[in-house]
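The structure appears below as structure tokens.
The values are calculated or read from the model by the stated rules, or taken from the named source; none is laboratory data. This one's a predicted model, so the numbers in the text were calculated from it and none came from an experiment. Neighbour counts run over all protein chains shown; Cβ positions are idealised from the backbone, glycine included. Note: accessible area is taken over every heavy atom of the protein model, side chains too, but ligands, DNA and RNA are not part of it. Shrake-Rupley method; radii C 1.70, N 1.55, O 1.52, S 1.80 Å.
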Amino acid sequence: MKTVASKVWSFIKLLFNYLIGKRPSAPVEPELPEKYYPSFPPTEFELQLVIEINKYRVANGVKELKYHQRLSDVCRSHSEYLCSINDGNHDNFKERAANFPKNSIKENVAVGFSTPSSTVNAWSRSEGHRLAMVNQFMVNLGVSMVENANGKKFVTSLLMN
């Protein structure tokens with residue numbers, strides 16, 4: 001726990017930096033969820049999906065999202081679940097969102113689309129998915145794609161404020 005003196009000192013430094021125009025350039029990453037999710041580096045498909053989602057946002061007048069590894073780790077567990085049942089759904093969404101209790105979370109899932117652009121195109125034609133992608137209050141993005149033995153892709157994205 002921080003002492004009162006260290007909290008005051010932190011506040012003074014923050015205030016000083018604010019006054020001289022030195023502001024944080026990126027949002028502070030939220031606390032890590034209590035439930036452990038193994039971390040995987042993003043695949044080429046996932047990196048391209050982030051690019052496609054951000055291109056769609058910019059084309060619709062909304063700022064780009066910042067890639068968020070912990071959100072992606074949570075996405076991976078859901079994509080693996082979708083692959084295991086060979087279906088797309090939002091089962092247990094509240095449990096995934098509960099990993100980030102201080103934040104608003106939106107989720108998009110897709111099954112069977114072969115490319116990141118076709119995935120984003122499908123989401124853009126669904127009102128709920130489209131609204132999640134262009135929500136101006138979202139700043140962080142997690143994505144995951146898991147492919148089954150037949151090449152069928154299961155994609156999950158989580159957007160967080």
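When the stretch 92-120 is examined, which residues are found to be assigned to a loop (DSSP other than H, G, I, E, B) and open to solvent by less than 60 Å² (accessible area, probe 1.4 Å)?
The answer is Asn99, Phe100, Asn103, Ser104, Gly112, Thr115.
How many of the residues in the stretch 59-89 are of a type in the set (Gly, Ala, Ser) and assigned to a loop (DSSP other than H, G, I, E, B)? Let's see the steps before the verdict.
We begin by selecting, within the stretch 59-89, every residue of a type in the set (Gly, Ala, Ser); these are 59, 61, 72, 77, 79, 84, 88.
Add one more test, that the residue is assigned to a loop (DSSP other than H, G, I, E, B), and what stays is 61, 88.
The total comes to 2.
Condition test on Lys63, is it open to solvent by 80 Å² or more (accessible area, probe 1.4 Å) and either under 18 Å from Trp123 (Cα atoms) or at pLDDT 95 or above (or both)?
The answer is yes for Lys63.
For the stretch 121-146, which residues satisfy the criterion of being open to solvent by 10 Å² or more (accessible area, probe 1.4 Å) and part of a helix (DSSP H, G or I)?
Asn121, Ala122, Ser124, Glu127, Gly128, His129, Arg130, Leu131
Any residue in the stretch 130-142 that is touching a residue at least 12 places away in the same chain (Cβ under 8 Å) sitting within a Cβ distance under 6 Å of a residue that is surrounded by 22 or more Cβ atoms within 10 Å (Cβ to Cβ) and part of a strand (DSSP E or B)? List the pairs, counting only those 6 or more apart or interchain.
Ala132/Asn108; Ala132/Leu159; Met138/Leu159; Asn140/Met160; Leu141/Leu159; Gly142/Leu158
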